Structures are given as C-alpha cells and as structure tokens.
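The values are calculated or read from the model by the stated rules, or taken from the named source; none is laboratory data. Model, not experiment: these values are computed from the prediction. Cβ sites come from the backbone with ideal geometry, for glycine too, and all protein chains shown count toward neighbours. SASA here: full protein model, heavy atoms, side chains in, ligands and nucleic acids out. Shrake-Rupley method; radii C 1.70, N 1.55, O 1.52, S 1.80 Å.
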Amino acid sequence: MSFDSQTTLIRPVLIEGVGIHTGQVTRLTLRPANVGAGVRFLRTDIKDRDPAIPATAAAVCATRLGTVIGNADGVTVATIEHLMAALSALAVDNILVEIDGPEVPIMDGSCRAFVEALDDAGRRPQGAPRRHIEILSTVRVGDDKHWAELSPASGFEVAFDIDFAAAAIGRQSLEIALDEASFRTELAHCRTFGFLHEVEALRASGLARGGSLDNVLVIDDGAVLNPGGLRCADEFVRHKALDAVGDLYLLGGPVIGRYRGVRAGHALNNALLLALAEQHASWRHTIVQPELARAG
C-alpha cells in the first residue's frame with residue numbers, strides 16, 4: 001500500500017470470538033470510513049447512551065492487562081490493542097469498528113485473525129495525504145526499572161526488553177525495524193501470555209474468564225502448558241512488542257521514530273502517549289512523500 005495516502009477498507013468484514021476477560025462472545029464488523037475519520041468504535045448493543053468511542057490516547061480509561069477506551073457516557077471497549085496493532089501494521093487509517101459487546105475478541109491470543117480479516121476486506125487508498133507523527137526529541141516515562149520512550153529515527157522501530165522470574169521466560173530482548181512485511185512475519189502470530197498461579201485471583205476479580213489454552217500462553221514456572229509449545233523461542237517479548245504497536249496507534253497515525261520499552265506495559269505506553277502530546281516541541285505531523293516511502 002502507498003505510504004502517502006490515507007487508507008480504508010474496500011468492503012465490511014465480520015469477526016466473532018470470545019473476550020479473554022469477560023468470557024462473552026462478541027461480533028465485530030469492520031467497516032470502511034471516510035477520509036479523516038480515524039479509528040472509531042461503535043457499541044451496537046448500547047441504545048440509551050452515546051455508543052461511539054474514538055480510538056485515541058485520551059480515551060484510554062483502564063490499562064490493567066489490556067487497553068480499555070471509553071467515552072464521557074461511560075461506554076467502554078476493552079482489549080483493543082491486538083486489533084489496533086493490525087490496523088497500524090496494515091496502514092488502515094479510517095475504519096468503523098462495530099461491536100456488540102464490551103470487549104474485542106481475543107481470537108488465538110495474537111493478532112493473526114485480525115490481519116486475515118483485513119486482508120479479506122481489502123484496502124483502498126483515499127487520495128488524502130497521510131500524516132505521520134515524527135518524533136523530534138526523546139520523550140520518556142517510568143522509573144529506573146520500568147520505562148518506555150520514543151526517540152527520533154528515520155523509520156518506525158520497536159525495541160523491547162522483558163525480565164520475568166519464571167524460567168520459561170527469563171530475559172528476552174527484541175529490536176525490529178517495522179513495516180507491514182516484518183510485522184506479518186515477526187510479530188503477528190505471537191500470543192499473549194499469563195501465569196497459572198494467577199488465574200484464580202484474576203477470575204475472582206472479574207478478569208480472565210474467557211482465557212484458555214486456546215488463546216493464552218500459560219506458564220507454570222519452567223513449563224509452557226500449551227500443546228505444541230511456543231511458536232518461536234522469544235514469543236513473549238515479541239508479543240509485548242505487538243502490544244506496543246497497538247497502543248502507539250492511539251496517537252492517531254503512524255510513527256516515524258523509535259519506541260523502546262523496558263519491562264513496560266499498557267499503562268506506561270499510555271503515559272508515554274499522553275506525555276508526548278504535552279511536549280509539543282518533541283514531535284510534528286509529517287507527510288511522507290512517495291519517493292521517500294519507496295526508498296525507506
């Protein structure tokens with residue numbers, strides 16, 4: 001797809017699955033949208049309040065084990081990050097996401113199903129220029145152990161470091177220059193993960209009710225309990241990078257810059273976006289010329 005034009009879908013496409021936290025089956029219909037519309041969610045099951053929620057950093061209202069967006073009427077949609085990552089990687093700028101429940105389906109725990117759905121729908125350029133968010137100076141949030149930052153780069157780069165006590169994970173690092181092709185091969189198939197000893201507490205607090213070995217990598221210290229094991233040796237850190245790609249797309253456009261997360265998660269990612277928005281000298285909107293897109 002061209003880097004210089006906004007893009008939407010050719011035709012609507014339907015996705016159905018269970019929410020990892022609610023355990024509720026929901027249906028998504030991804031629909032084309034007009035130039036400049038951005039990514040917008042619409043709760044079709046809500047009739048008494050405003051059902052529309054723009055997918056923006058300012059709309060994020062919760063970040064525990066996933067990214068949740070909401071509007072002024074208290075209408076929310078949870079676990080949007082995997083869908084947002086697919087939209088980012090496939091350069092879909094304008095789209096209406098109709099959903100008949102409170103949570104985006106987890107599918108197999110990765111964003112592969114969303115990529116396939118977008119491929120089925122097809123994409124078309126809309127003629128209007130695409131505005132990138134170019135990082136001009138480093139913005140960082142967090143502390144010495146857990147932090148996230150955006151810094152200048154010539155393209156979109158993602159780096160991530162994780163460090164877990166569980167022997168099945170340990171320390172893992174990843175650095176990747178990201179475009180559609182590398183996202184498809186390096187990140188899209190990597191699944192979310194959780195720990196067996198946390199399951200009962202999470203379910204008691206109303207979370208993880210739809211989680212299973214079909215949609216979560218389950219870790220019991222030194223063992224991965226899923227039949228078939230890992231899809232790649234560093235699937236854990238690759239999934240964290242996937243999450244970051246989805247969270248970053250809440251900026252409202254593609255990034256020209258380098259993201260790095262160290263033991264970071266959704267809360268730090270959102271704090272980073274909000275900090276960037278406040279530091280106006282640290283970024284600018286840039287229109288990438290076609291010849292530059294082809295060269296880079």
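Some observations on this one:
- Alpha-carbon spread of the chain, three principal axes, descending order, Å: 50, 45, 34
- For the range 67-191: span of alpha carbons on each principal axis (Å, largest first): 40, 35, 34
- For the range 50-103: accessible area per residue (Å², 1.4 Å): 27
- Accessible surface of the chain, 1.4 Å probe, proportion on carbon and sulfur as whole %: 51
- Within the chain: Cβ-based charge dipole about Cα centre, in debye rounded to nearest 20 (Lys, Arg +1; Asp, Glu -1): 520
- Assigned charges on the beta-carbon of Lys, Arg, Asp, Glu; the range 199-296 dipole about Cα centre (debye): 300
- Under 19 Å from a label point set 7 Å out along the Cα-to-Cβ vector of E198, the amide N atoms of the range 123-145 belong to 143, 145.
- Packing around the peptides 61-68, 105-112, taken as the average count of other Cβ atoms within 10 Å per residue, puts them in this order, highest first: 105-112, 61-68.
- Kirkwood-based shape ratio for the range 173-296, expressed as Rg/Rh from alpha carbons: 1.04
- Put simply, when 21-27, 174-180 are sorted by average Cβ atoms within 10 angstrom per residue, most first, you get 21-27, 174-180.
- Multiplying the residue separation of T286 and R124 by 0.36 nm and removing their Cα-Cα distance gives an extension gain of 56.2 nm.
- Cβ crowding within 10 Å averaged over residues, with 128-135, 253-260, 242-249 ranked highest first: 242-249, 253-260, 128-135
- Calculated [θ] (222 nm, deg cm²/dmol) that DSSP helices of n ≥ 4 give over the chain, each run adding -39,500 (n - 2.57): -6500 deg cm²/dmol
- The modelled label-to-label distance between L14 and A72, using points 7 Å beyond Cα along the C-beta direction, is 3.5 nm.
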